[in-house]
Amino acid sequence: MIKQKSKAIAIFGAVLFLLIAAIALCLSACNPDVQQNDPPAHVHSLTAVAKKDATCTEKGNEAYWKCESCGKMFSDKDGNKEIYSVPEIAAKGHNVSDYKVTKEADCTEKGEKFGKCDVCGLTVTEQIPATGHDMQWSAEGETHVKKCTRCGVTEGEAEQHVYNDDGQCVDCGAQRSSKPYVLSEDGTTLTFGSYPQSKVEDPALQSMLNATIQNKTPTADEFNGWTDYEYYWAGSIKSFMWYIDVNYKNAKYRGVYFDEYRPDRASDEGDRDWSIQPENGYDINIVYWFKWEPITWRILSNDGGKALIMSDMILDSQQYYHSNDEDRFIEVEPYFIQPNNYKESEIRAWLNDNFYNTAFDNLCKEYVVCSEVDNSAETTAKSTNQYVCENTNDNVFLLSYKDVKDVSYGFDSGSGACEARMRKNSDYALCQGALQEDGYGIWWLRSPYDYSRMCAHIVYSDGMVGSYNLYYLDVGVVPALWLTL
Ligand SMILES: [Zn+2]
Ligand SMILES: [Zn+2]
Ligand SMILES: [Zn+2]
Ligand SMILES: [Zn+2]
């Protein structure tokens, strides 16, 4: 009984087993995704790739191993550390220890050098990069400008120093000179004071300057903020020419306007239609602008304590005396004097009042020496001269006939053409009606001409010394003065 029961269980078990096996077989046949067995593991067949050193120009590689069949790479021979790219060694580049420079680089241009490679022996040419400018503030007198320390190229326009309370320029660090003049490097000239000189040619600046005065021009009845020059015209003062000073962007400019031409002589005779102004390119009813610039002076003598200086340019154009009346009556004294009396001349008054107060600020004035001006006959062309006046005490004066023949001042001793005596007109002087011949003007001396009470000495455009009628307005002014150093 027990045997039969266990036999039945065994049969049942075998049937169950077959059933399960059949089901499993069936399932596996119906579902292809089910893998019955892993494929056999891939065994890399590693080949060593030897280390290759880099050369100057070609890259090399570290040693590594690569499977011939699957292409995988390994950093070890056992194939444990897989790598994903060839372990390259960069090309070393040539190693030149001794270059010869064939062309130096400068601020803007590349240079070139060559040399032999210590390693491979190849001759290598290389470019040297341009250095670029080294822009630094550079102080020049009362101005500074950005300038390259190597090539000297400048950037933008020179501008006035901007001083802080310690007298140091906030931009370039220049220290304000306690003295109002600036000596040139060679010591032959200096700048001192300022005066309207160069004409403004830039139309944009012209219109900005016109805008500062609301484009207003003067008339004889309404000056509109302008100042009358009070120039002579046919022997009397008439309103026809004006000026106005404006500050614009750290610089000062003078506007000049006239609605009638300034005649070439101030006297009551002569051709009143004739003027030098249109010849010089200056016309009526136009506003001309002139920039105030430092006045350059030539040093005639210098004893270390003070210097005799004369303007390097003709700065203005004024009459010695406005009339051709032979007998000149001085109302103040009152007495009659000769028209070419320098002490009573209009040019002397103009220099010591108008020019002195226009060109020099208070600091400058402290450095102008009021000196005794020798007006003796000895300073004129003749040892006796009936028209000489007494000596005067002046801040500013004209040179004498003797002065411009003084060899120690750099002039010729003769009266003929002499380059050292030749003077150019400033644009402002040309606008005032100064005569211009071959680029040079004519200019007053203080010495009266001994043959005529109506004449004083002048220097002509070629540097010749001669004489001229007092009332002419085309004669330029070359101021001179003694300066404390
Ligand atoms: Zn492999
Ligand atoms: Zn090399
Ligand atoms: Zn440069
Ligand atoms: Zn500065």
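Just so you know, all these numbers are worked out from the coordinates, no wet-lab data involved. As the structure is a prediction and not an experimental result, all values here were calculated from the model. Here Cβ is always computed from backbone atoms with ideal geometry, including for glycine, and neighbour counts include all displayed protein chains.
Worth a mention:
- Seen against the Cα atoms of the chain and their longest principal axis, helix 2-30 is set at about 40 degrees.
- Per residue of the chain, the DSSP helices (runs of n ≥ 4 H) give a summed -39500 (n - 2.57) that works out to -3500 deg cm²/dmol at 222 nm.
- Amide H within-cut-off set for Arg265, under 5 Å, with H built and near neighbours excluded: Leu473
- Taking the Cα centre of the chain as origin and assigning +1 to Lys and Arg Cβ atoms and -1 to Asp and Glu Cβ atoms, the resulting dipole is close to 4280 debye.
- Pairwise Cα distances in segment 119-255 exceed 20 Å in 68 percent of cases.
- Counting only residues at least eight positions apart within a chain, or on another chain, the lysines with an alpha carbon under 25 Å from that of Lys146 are Lys110, Lys179, Lys199, Lys249, Lys252, Lys291.
- Relative to the longest principal axis of the Cα atoms of the chain, the long axis of helix 203-212 makes an angle of roughly 70 degrees.
- Pairs of Lys residues in segment 293-406, spaced 8 or more positions apart or belonging to different chains, with C-alpha separations under 19 angstrom: 5 in total.
- Between amide H atoms placed 1.01 Å from N, distances below 5 Å from Thr392 occur with Val373, Asn375, all of them 5 or more places distant or on a separate chain.
- For segment 93-101, 3J(HN,Hα) computed residue by residue from phi via the Karplus equation (6.51, -1.76, 1.60; θ = phi - 60°) reads x, 5, 10, 9, 8, 9, 8, 10, 7 Hz, glycine and proline entered as x.
- Rg/Rg_ref, the chain, where Rg_ref = 2.2 N^0.38 Å and atoms are Cα: 2.08
- Neighbour-count ranking [beta-carbon atoms within 10 angstrom, fewest first] of Trp226, Trp444: Trp226, Trp444
- Straight-line reach from Lys66: taking Cα to Cα under 19 Å and skipping same-chain neighbours fewer than 8 places apart, the aspartates and glutamates in range are Asp53, Asp76, Asp78, Glu82, Glu88.
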